């Protein structure tokens, strides 16, 4: 007898086995698995050569990666922010945190309003992962910034900004019709400019 | 006796074929009318139905402010992309440029304190000018003064009127008092003339309509005063 609409029973028991495996594995294994997933997505998003299937991997979106990068960036910059009071440090943390999430939300909304057919969280996931180069430059400048003249500091900032923008622009531009591409891409450019500027001035 | 169908109804394996319905009915759930139509994404999609060429033409119209061509440029298709991203760009320029201008004036460059409040004030000021004020004015014009222009036409016009400030505020980074005033005044003139020229057909109709010109001018003047006295203020040396 053929099962046309149901899955054969052996799959259910396989799924049960998987679930018990998840519950039984140690915390470190779970964390390592999540970290490996984040690292895989990061490589996929930031190194264009890895994308052979036109961004289909992004359908498995997750917000862990963006959250980690957002927190690391906000903490790096607020740690570095010089101030006599703690209020400036918390100002910087709040501004960066809100800027990343609200910014990603508005940029995605903009692409949707321009007629782009994209899942909201897919786009936020991509924009969040592309914040990683800005993380790198923020950490470089946090550690070495005081020893370098301004012009030398500008080089990693510009490079990482270009890298972030280039990685996300390809995806965003593919979402909307051709005569609206620049309208979808400009907000992405502005978003990463804001973040790069912060990492430069703090 | 049950009829299992004639031989013609058997498929190649000899199973009895049941009759398939000839008309396929596709079940499509009817879109539920939303309780709040203004709250949906679909309502605003019609305001993003423009191309990059249109945005360029509209910005050009606003920079050449003395020509009353904006309504022709818009052609009954007001957009919200322009107002939103022009105002966001201005916020960035105010935040970055305002602090940069202070930095250039500062003698003690090593201990320069970045003012993050600029961000909050810029967001409040620019979004109020680009959205809150035109919505209020648009509602007054449409429902009280019976104008033909809709609320979003006014929002679109106000948004594009701010485009001149992108260039003006970048130039205001130059830390010379007279230069900053000159640039801000020319920005004010450009922006106000743009609004008045394009609303002139409506303003000249009646006395109440003429009164609308007053808040337009007042808000624009207030805007550049805020720019000058908050973001690009000069630091005077204090004699102890």
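Which numbered condition in (1) within 11 Å of another protein chain (Cβ to nearest Cβ); (2) under 16 Å from the mean Cα position of the chain (by Cα) is the only one that residue B:58 fails? All conditions pass for residue B:58, except number (1).
Return the residues of the stretch B:41-50 that are surrounded by fewer than 16 Cβ atoms within 10 Å (Cβ to Cβ) and either within 17 Å of residue B:73 (Cβ to Cβ) or facing chain A (nearest Cβ under 8 Å) (or both); say none if nothing qualifies.
B:41, B:44, B:45, B:49
Across the stretch A:171-180, the qualifying residues are those that are surrounded by fewer than 20 Cβ atoms within 10 Å (Cβ to Cβ) and assigned to a helix (DSSP H, G or I), and the one among them that is farthest from the other protein chains (Cβ to nearest Cβ) is A:174.
In this structure, is residue A:164 modelled with pLDDT under 85 and part of a helix (DSSP H, G or I)?
Criteria not met by residue A:164.
This table checks each residue for (1) touching a residue at least 60 places away in the same chain (Cβ under 8 Å); (2) in a helix (DSSP H, G or I).
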{"position": "B:71", "(1), (2)": "yes, yes"}
{"position": "B:79", "(1), (2)": "yes, no"}
{"position": "B:83", "(1), (2)": "yes, yes"}
{"position": "B:97", "(1), (2)": "yes, yes"}
{"position": "B:104", "(1), (2)": "yes, yes"}
{"position": "B:128", "(1), (2)": "no, yes"}
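Of the residues making up the stretch A:152-170, none is within 12 Å of chain B (Cβ to nearest Cβ) and at negative phi.
Out of all the residues in the stretch A:118-136, is one or more within 14 Å of another protein chain (Cβ to nearest Cβ), surrounded by fewer than 21 Cβ atoms within 10 Å (Cβ to Cβ) and part of a helix (DSSP H, G or I)?
yes
Any idea which of A:183, A:195, A:190 is within 13 Å of another protein chain (Cβ to nearest Cβ), over 15 Å from the mean Cα position of the chain (by Cα), closer than 25 Å to residue B:115 by Cα and part of a helix (DSSP H, G or I)? When all the criteria are applied, what remains is A:190.
The values are calculated or read from the model by the stated rules, or taken from the named source; none is laboratory data. Just so you know, these numbers come straight off a predicted model, no measurement behind them. Glycine gets a Cβ as well: all are built from the backbone with ideal geometry, and neighbour counts include every protein chain shown.
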